[in-house]
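Trainee: Quick one: this structure, given as structure tokens, is what I'll be asking you about.
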Amino acid sequence: MHRSVLFGIVFIGLTAAAFAQGSGVQRSELSAQVSGVFISGTNNTPTTHVAKHSAGLLVGYRFHINSWEAIEVEYGYTRNGQRYFTPGTAPGSPGTNFAITANMQEAIANEVITTPRIGGFLQPFIVAGGGLVFFNPRGPSSIAVTHQKRGAGNFGVGVDFHIMHIGARAEFQELLFKVPDFGNPLLTTNKWTHVAQPSVGLVLTF
């Protein structure tokens, strides 16, 4: 799946680049960022969900419609662990504790509100949008699990530092989605969680 998303981002970028060059305006940006992925846990009755924090990769393409508005598509990848604990149903009885290691991927489309470049190099922005988050279990598990996707909302803020065609980006985004259960009712929490996703990286403008 992740190869298809990456190919799609590159294809969109190349197509838009041809359009931008034909119009004589540099409107396109390709970005590659290292991100932190901090998933909040949920306390629930009866199942408690705790996720392991991890590092990830975030790549994207942004097209500027004008000096104040842009649209972007992003792909993110990380590998983390999800743990589910259910206490015993009777006093003194043991509970259950399941740990799932999975690849987590996100495919997100955002509306971007940005300022014109301040001083020719500084460009703050805010983003809001949504898409899908994919969970693909890896390795053996003590419980039956399968791959799963969740709808997600997204919002964030950031700033670009442009120097010629190369720049830097610092950004903070929040993803909201329902806790995955990997297709097994024993892992269902019926709760929503959020991912704090700070990132830094490079931006290529063309």
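The values are calculated or read from the model by the stated rules, or taken from the named source; none is laboratory data. Predicted model only: the values in this text are computed from it and were never measured. Glycine also receives a Cβ, built like all others from the backbone with ideal geometry; neighbour counts cover every protein chain displayed.
Trainee: For the range 159-183, what are the residues that are out of contact with any helix residue (DSSP H, G or I) (no Cβ under 9 Å at 6 or more places or on another chain), of a type outside the set (D, E, K, R) and closer than 23 Å to TYR77 by Cα?
Mentor: Residues satisfying the conditions are VAL159, GLY167, ALA168, ALA170, PHE172, GLN173, LEU175, LEU176, PHE177, PHE182, GLY183.
Trainee: While we're on this one: Take the residues of the range 173-205 that are aromatic (Phe, Trp, Tyr) and either free of Cβ contacts under 8 Å to residues at least 12 places away in the same chain or surrounded by 15 or more Cβ atoms within 10 Å (Cβ to Cβ) (or both): which is nearest to THR96 (Cα to Cα)?
Mentor: Checked the range 173-205; the qualifying residue nearest to THR96 (Cα to Cα) is PHE182.
Trainee: Please find, among PHE121, PHE98, PHE125, the residue that is touching a residue at least 40 places away in the same chain (Cβ under 8 Å) and under 30 Å from PRO185 (Cα atoms).
Mentor: PHE98
Trainee: Within the range 115-147, how many residues turn out to be not in a strand (DSSP E or B) and not hydroxyl-bearing (Ser, Thr, Tyr)?
Mentor: Selection size over the range 115-147: 12.
Trainee: Then there's this: Quick check on my filter: what residues within the range 174-199 are within 18 Å of the chain's Cα centre (by Cα) and either farther than 30 Å from PRO46 by Cα or of a type in the set (A, V, I, L, M, F, W, C) (or both)?
Mentor: Matches in the range 174-199: LEU175, LEU176, PHE177, VAL179, TRP192, VAL195, ALA196, PRO198, SER199.
Trainee: From the residues in the range 51-71 that are closer than 19 Å to LEU176 by Cβ and small (Gly, Ala, Ser), which one is surrounded by the fewest Cβ atoms within 10 Å (Cβ to Cβ)?
Mentor: SER54
Trainee: Residues in the range 150-160: is at least one modelled with pLDDT of 95 or more, closer than 19 Å to THR205 by Cα and over 17 Å from the mean Cα position of the chain (by Cα)?
Mentor: Looking for residues that are modelled with pLDDT of 95 or more, closer than 19 Å to THR205 by Cα and over 17 Å from the mean Cα position of the chain (by Cα), one finds at least one in the range 150-160, hence yes.
Trainee: Would you please list the contacts, defined by Cβ atoms under 9 Å and residues six or more apart or on different chains, that run from a residue in the range 102-116 that is touching a residue at least 24 places away in the same chain (Cβ under 8 Å) and farther than 27 Å from ASN80 by Cβ to a residue that is polar (S, T, N, Q) and not in a strand (DSSP E or B)?
Mentor: Taking only residues 6 or more apart or on different chains, the pairs are THR114/SER67; THR115/SER67; PRO116/SER67.
Trainee: Name the single residue, out of those in the range 12-50 being small (Gly, Ala, Ser), modelled with pLDDT of 90 or more and buried (at least 18 other Cβ atoms within 10 Å of the Cβ), that is nearest to PHE172 (Cα to Cα).
Mentor: Of everything passing the filter in the range 12-50, SER35 is nearest to PHE172 (Cα to Cα).
Trainee: Ok, one more. Within the range 127-149, can you find the residues that are over 13 Å from the mean Cα position of the chain (by Cα) and β-branched (Val, Ile, Thr)?
Mentor: ILE143, VAL145, THR146
Trainee: Something else now. Based on this model, can you work out whether ILE108 counts as buried (at least 17 other Cβ atoms within 10 Å of the Cβ), among the hydrophobic types (A, V, I, L, M, F, W, C) and at pLDDT below 95?
Mentor: So ILE108 does not fit the description; no.
Trainee: Those residues that are in contact with a His (Cβ under 9 Å, 6 or more places away or on another chain) and under 21 Å from GLN105 (Cβ atoms), I need them from the range 49-90; list them, please.
Mentor: ILE71, TYR75, TYR77, ASN80, GLN82, ARG83, TYR84
Trainee: Report, ordered by the first and then the second residue, all pairs with beta carbons closer than 9 Å, sequence separation of six or more or different chains, a first member in the range 72-90 that is closer than 23 Å to THR189 by Cβ and small (Gly, Ala, Ser), and a second member that is modelled with pLDDT under 95 and not in a strand (DSSP E or B).
Mentor: GLY81/LYS52; GLY88/PRO94; GLY88/GLY95
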